[in-house]
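The values are calculated or read from the model by the stated rules, or taken from the named source; none is laboratory data. Because the structure is predicted, anything quoted here is derived from the model rather than measured. Cβ placement follows ideal geometry from the backbone for every residue including glycine, while neighbour counts extend to all protein chains displayed. Surface areas here come from the heavy atoms of the whole protein model, side chains and all, with no ligands, DNA or RNA. Shrake-Rupley method; radii C 1.70, N 1.55, O 1.52, S 1.80 Å.
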Amino acid sequence: MLDAGIMTQRDPLIAGRYRLAKLLGSGGFGSVYLATDERLHRPVAIKVCSTLRLPPQEAAEAAQLFQGEALTLARLRHPGLTAIWDYFNEGEDWYLVMEYVPGETLRDHIRHNGGPLPQADAIDYARQLCAVLGYLHSQQPPVVFRDLKPGNVMITREGQLKLIDFGIARLFSPGKAADTSQFGTPGYAPPEQYGGQTEPRSDIYSLGVLLHQMLTGHNPAASPFALPPARALNLAVPQQLEALIIRATAYDIDDRIVSAEEFCTQLDEALVRPAPALTMAMPRSHVYPHVAHQPSVPPNRQPWTPTPQRIPSRPQTTNGIGRALTLIVLLIVLLGSVGVGAWLLSSHLTELRSFMRPIVVPVVKPGANIPQIALYSAPGPDGLENLFQLNPETGKTRQVTQMPQNISATQPALSADGTRIAYTRELREFDAETNSWQTAASEVWVMERDGAPGQRVLAGYDLVRSPAWSPDGKWLAVEAAEEGRGWRDHDILLVNVDSGDVRPIITTSRWEGGPAWSPDGSQIAFHARRNAKCMEIFAVNVQDGTERQVSHLGDNDCSDPNSGDYWPDWSTSGIAAGRKLAGKAEIVVLDAATGEATRLDTGPEAAGHPRWSTDGRHLLFELRKAANILLASYELETGTITPIETTHSVSHLADWN
């Protein structure tokens, strides 16, 4: 098994006093467990940081961060902070015993709400965060939280907010030019956190981003440093609140609101004038960002469509007015002789104004329809794999996972709202005879795309893989087998990611795998070997379990046991699958009702693992060229194939949104 943590390794009674109950979460700076203080008979939360398997330098850094968190929290007292009750270490393990705060994180609250929070709730939460940040910043020296995001804010049953996870908080040193280490979460972390020194105004930036997300439902990780105007997404947001958010999230730290107190004051002033009696948000597609159909917007308002981007280095700022004036003069001089300079100048005023802004929000070209978040797995020099995020439009990538030794991350699946990643973790063992890595066990984990800690699902199974999200983002369909099951004796199970409930869907003594949900969530397609010698595509009704065959391949079509249809993916355009017949690998689209197959002409190279765009107009797929595996997109309407560049020679098992 791959379970992280100590519960499977030792007596769950720690220090003769604390009895561990269950894992609450894990991340880069440790794992958090629910436990019972047997001496005082009360529930506690215990954060554990184990440095046993880390290199000496990393172990020292991790221990220093952990001790820093304990010492920082121990001297703080505020209703918005979790209380510290004990702190100790045993060998290479460090323990922090904290107040247990039942409730849900703001991240889960936003997700369950399915869009903008009620404005009254968003304002109340922002006020509470103002108060606790004001307290932290008033310390001598000020305490900078540095990782304010929904996953680090707990909401109690009484509606009280508490900050959790002080793992990267630091004391502000005015004489210091830069932080020793750069941490934070893309989208919520301010620009200076990636190369300068953080200070109280850095937390103000994150608070502004958080208020924007609560009021609009927009995920800031989709466009770091480029928030869309709040009222472009939700007309119910008062103009004064939109202006407050713009000031709080200014790129230049000197242009930002100075303090938490000022933020709270302006928040109250923004609400003196009654908000408009609107509760609806601007229409958005089911998946964000998605530009297949532009949302309807009020007259004279342009829809804002962002391009996800990597964390950029700060652009070199120049005098925007000077550049604009220079361009104006050149245009008049060069074109004045033909009498059209004035007309051309007038028609380009919008572009000239953009030169006067130091930061330009990138906009997706209308009609591009290419999903802008893709995930794929790629091997490193040691042959073990990690996940990478790709912007298909720009080709820029960033690494999403950093797996420990002998573990690979593969088969990513992106949730419909683009916020969560489910993926397969494989324990690999090196086989000297074949000179290759072999999979010894596999698990499915779920993590936040913004970098928040992940959790394992279906811990009681020896093999779990191939996760697929339900359209509503609540369930995962997975391929699973309990310990002791026969070779390829895999079932299809449903797992509720939040509650942990499990529903078996297909349980036979044969191999069923590669699940994919229908667009309405009522059926699941999968590949299985039933009536023919090779794999075919089947579909099962989620409610009553009735099964039907979709693709039909006879024994004459199956030249070897590896032939057949694999890895289905379902959209309104049909069920796409990879088909291996007569030594050729290609992609087919099956009519979901009749099973009629349409072959896609993707060229002479072997093609497979197709994945639909949300609008059903494009397919992301793999192309094998010699020893390389490349990614490309196929436009269904025109048959156009567009290579998608990555930084890896092997990029496969991809998903996009």
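At a probe size of 1.4 Å, how large is the accessible area of Asp591, to the nearest 10 Å²?
Approximately 70 Å² of Asp591 is accessible to the 1.4 Å probe.
Express in Å², to the nearest 10, the accessible area of Thr594 obtained by rolling a 1.4 Å probe over the protein heavy atoms while all chains stay in place.
About 90 Å², ignoring ligands and nucleic acids.
Once you place label points 7 Å from the Cα toward the Cβ at Glu596 and Leu34, how far apart are they in nm?
Taking the two extended label points, one gets 5.4 nm.
Rounded to two decimals, what is Rg over Rh for the stretch 497-649 when you use alpha-carbon atoms and the Kirkwood radius?
Here the Rg-to-Rh quotient is 0.98.
Roughly how many Å² of Ser551 are accessible to a 1.4 Å probe, to the nearest 10?
Near enough 0 Å² of accessible area.
Beyond 12 Å, how much of the Cα-Cα pair distribution for the stretch 88-138 remains, as a whole percent? Don't jump to the answer; show the numbers that get you there.
On the way: 974 of 1275 pairs.
The calculated P(r) of the stretch 88-138 puts 76 percent of pairs beyond 12 Å.
Return the long-range amide H neighbours of Gly473 (sequence gap of 5 or more, or a different chain), with a cut-off of under 5 Å between placed amide H atoms.
Here the answer is Ala416, since their amide H atoms fall under 5 Å of that of Gly473.
From largest accessible area down, sort Arg17, Arg548, Arg599, Arg146; use a 1.4 Å probe on the protein chains.
Sorted descending by solvent-accessible area, the residues read Arg599, Arg548, Arg17, Arg146.
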